[in-house]
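A short worksheet on the structure shown next.
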Amino acid sequence: MHRFIAKANVDHFIGLLNDSDLTADKRTNITKLLIAELDKLTHDLEHLEFAETRAAECRDRLHRIRDQRNGHAFGTTEREQAERLLVSCENLQTVLEDFCHRLREKVLSRSI
């Protein structure tokens, strides 16, 4: 049951981090909470598919945001806002990719 809650929390925190109106402090705190929930899942290798799915979804979102940013003219408020959101999504992607990497390493080390 606690793994189900951890997964739900991961989805919740990802949703919060996708909000462009977060302050830097809130974003940092939510990222810490996300990492703590992801760490709860590192003990169960079957969560690798869950993590890879979330990373793939985030990757797709990252591409969409990059396209949106590129659609705005340089120096506009819209482009600056899209750039901030893009950086935020890139940071989230890094967290998710790192988690997937750690789980894959566990899988490989156990199969040797």
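The values are calculated or read from the model by the stated rules, or taken from the named source; none is laboratory data. The model shown is predicted, which means the values in this text are computed figures rather than measured ones. Glycine gets a Cβ as well: all are built from the backbone with ideal geometry, and neighbour counts include every protein chain shown. When the accessible area is computed, the model is the full protein with side chains, heavy atoms only, and any ligands, DNA or RNA have been set aside. Shrake-Rupley method; radii C 1.70, N 1.55, O 1.52, S 1.80 Å.
To the nearest 500 deg cm²/dmol, what mean residue ellipticity at 222 nm is calculated for the chain from DSSP H runs of n ≥ 4 alone, each contributing -39,500 (n - 2.57), summed and divided by the residues? The partial results should precede the final answer.
Values: 4 runs with 92 residues, N = 112.
Result for the chain: -29000 deg cm²/dmol, rounded to the nearest 500.
Considering the values [x] 13.9; [y] 15.3; [z] 14.9, which represents Kirkwood radius over Cα pairs in Å as calculated for the structure under consideration?
Matching the structure shown: [z].
Ignoring ligands, DNA and RNA, please state the percent of accessible area on the chain from carbon and sulfur, probe 1.4 Å.
Taking all protein chains in place, the chain shows 55 percent carbon and sulfur surface.
Counting heavy atoms of the protein chains only and a 1.4 Å probe, report the per residue accessible area for the chain as a whole number of Å².
Details: 7050 Å² over 112 residues.
With all protein chains present, the chain gives 63 Å² per residue.
Packing-wise, with mean Cβ within 10 Å as the measure, how do 17-25, 72-80, 3-11 rank, highest first? Walk me through the numbers on the way to the answer.
Values: 17-25: 12.1, 72-80: 10.6, 3-11: 15.2.
Going by the mean number of other Cβ atoms within 10 Å, highest first, we get 3-11, 17-25, 72-80.
Any idea how far apart E80 and L62 come out in nm if each label point goes 7 Å out from Cα toward Cβ?
So the two model labels end up 2.6 nm from each other.
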